[in-house]
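Report on the structure given below.
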Amino acid sequence: MSKQYIYIAQASKEIISCKIGLTGDLEERLKSYNNRTGKSKDNVYQYLFTCEVRDMKQVEDDIKDEFRRLREEKSKEMYFYNKDLFEDYVKFIKNHKMFIKEIFIKTDIPKEEVKIVKRITPSLEERGVTRQDLLQKAQKIRNDEFYTRYEDVEKEIKMYDAEIWKDKVVFCNCDDAVDTEDDRRTSAFSLYFIRNFKKLSLKKLICTHYSSAVDLFNQGAKGYIFTKDGFSEFKDYPKGYNGSFDDPVSIKILNEEADIVCTNPPFSRAIDYWNLVINSGKKFLIISAMTNPVTTSFIPYFMDNKVWAGFNRVDYFLNPKKEIVSNRAFWYTNFPIKDRPKYKRLKIVPIKEIPDEYKEYDDSKTLIVDNCYIPSDYKKPFAISIFPIFNGILEKGYKIIQDKSYVPIVNKKDKFSRLLVQKI
Ligand SMILES: C[S@@+](CC[C@H](N)C(=O)[O-])C[C@H]1O[C@@H](n2cnc3c(N)ncnc32)[C@H](O)[C@@H]1O
């Protein structure tokens, strides 16, 4: 009987999604994906994980069932991707009773064909490196190059009372380049505040440009500080300054000048950025990954009420080639939010009114709820996903009761990460 495989594949331009599927021929499947994406080799598929299984249809069905909320597109078997989710998928597959063994596939961008190679000794594992580590290292830089679209900045800022900006110094400190000759070379954050400087009655705008290997705005690989102070606009190039948000010069501006910080920081350094900005005590309005509310390093900030969701999710960005790419992010802030429109998405009802398909108990008898159902009459802690957080559950009489993510185990299998909350 021919062999059966389950794989996780990813296209180079869709790094926040992955495909999880089944096949009897791994080489052919990858080839057909890459044929479909065109000959430009711009958007190349690679395998992140492949394994042999006994009954691929059953494994695939169980994956669909287990991760139904993480499935983006049913017809194309697309699932959300990030490091934690990937680990969840792999763990689930490896724990499946039909799992036989992991297959190692050469992950280089294929030229003509992909080769299934025998495991070489010493293995990556023996060297203390996972394939995922290597992929992630390469992707880390690429993961940061998501540039915010003007309309997303405009859409979020419009939701807040204009008074919050009056006489304030706004600091955009993550590669918010400014080219006074060319708007296309100016970051959307900088452009928005320059255009609306008067309307918002800003006192000052300070934007820093980070001199990284990728230079979307063609500003030259040299960090600088752009300042708009009334009608006066100027750029400074302090000696040895690379524009990093944690450079002493940037930190001095943050602590001594800034009132409001507003930007989209690099995803790979998000936790360092959150630590710095939240501990500065300044007001902020920033974009970060959608999964932060269920990620252990960020949870204490939500738990201590130092940050909460803004109004909008952000699904599209521009890549360094200025093409639209998808990613899943959300606005986060410490500005008070009144009358959150998304409250209406919360379904706070007595537990007996929650449909069975949206409630279950894990092996430790902890209740898990889905689809934004929240039990109104349940006294014990229960597990939720990120969506109730975005819809304002923490403003509706519920609190986070564990400062790390909660991974439910159902029938001895790990489910994806959630957050433990309780009615106050
Ligand atoms: C997600 S992009 C957003 C860029 C811009 N703020 C925007 O919204 O369009 C993050 C940017 O931060 C830059 N970056 C990486 N490390 C940085 C650091 N240490 N300090 C400041 N910016 C950094 C990346 O090169 C990238 O351009």
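The values are calculated or read from the model by the stated rules, or taken from the named source; none is laboratory data. Computed from a predicted structure; not experimentally measured. Counting neighbours? That spans all protein chains shown, and the Cβs are built from the backbone with ideal geometry, glycine included.
Values as computed for the structure displayed
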read-out: Condition check for E156: in the same structural domain as I206 (by TED's automatic domain parsing), crowded, with 18+ Cβ neighbours inside 10 Å and within 22 Å of the chain's Cα centre (by Cα); value: yes
read-out: Qualifying residue in region 348-360 (condition: closer than 27 Å to C262 by Cα and touching a residue at least 40 places away in the same chain (Cβ under 8 Å)); value: no
read-out: Residue in region 22-35 that is among the basic types (K, R), in a loop (DSSP other than H, G, I, E, B), more than 23 Å from A329 (Cβ to Cβ) and over 26 Å from the mean Cα position of the chain (by Cα) present; value: no
read-out: Matching residues, region 313-355, being within 16 Å of the ligand (Cβ to nearest atom), closer than 16 Å to I157 by Cβ and not hydroxyl-bearing (S, T, Y); value: R313, V314, A329, F330, W331
read-out: Pick from region 142-182, criterion within 16 Å of the ligand (Cβ to nearest atom) and assigned to a strand (DSSP E or B), ranking: nearest to I324 (Cα to Cα); value: Y147
read-out: T333 vs. criteria polar (S, T, N, Q), touching a residue at least 60 places away in the same chain (Cβ under 8 Å) and within 24 Å of R149 (Cβ to Cβ); value: no
read-out: Neighbours by Cβ (under 7 Å, 6+ apart or cross-chain): first from region 260-285, of a type in the set (S, T, N, Q); second in a helix (DSSP H, G or I) and within 15 Å of the ligand (Cβ to nearest atom); value: T263/F189; S268/K140; S268/N143; S268/D144; S280/L254
read-out: Qualifying residues in region 284-312 (those that are within 16 Å of the ligand (Cβ to nearest atom) and among the small types (G, A, S)) - the one nearest to W274 (Cα to Cα); value: S288
read-out: Matching residues, region 183-210, being within 15 Å of the ligand (Cβ to nearest atom), part of a helix (DSSP H, G or I) and either among the hydroxyl-bearing types (S, T, Y) or over 22 Å from the mean Cα position of the chain (by Cα) (or both); value: D183, R184, R185, S190, L191, Y192, F193, I194
read-out: Residue count for region 229-255, restricted to those that are touching a strand residue (DSSP E or B) at 6+ places or on another chain (Cβ under 8 Å), of a type in the set (S, T, Y) and more than 12 Å from the ligand (Cβ to nearest atom); value: 1
read-out: Residue match in region 51-61 (condition: basic (K, R), out of contact with any His (no Cβ under 8 Å at 6 or more places or on another chain) and within 29 Å of S288 (Cα to Cα)); value: no
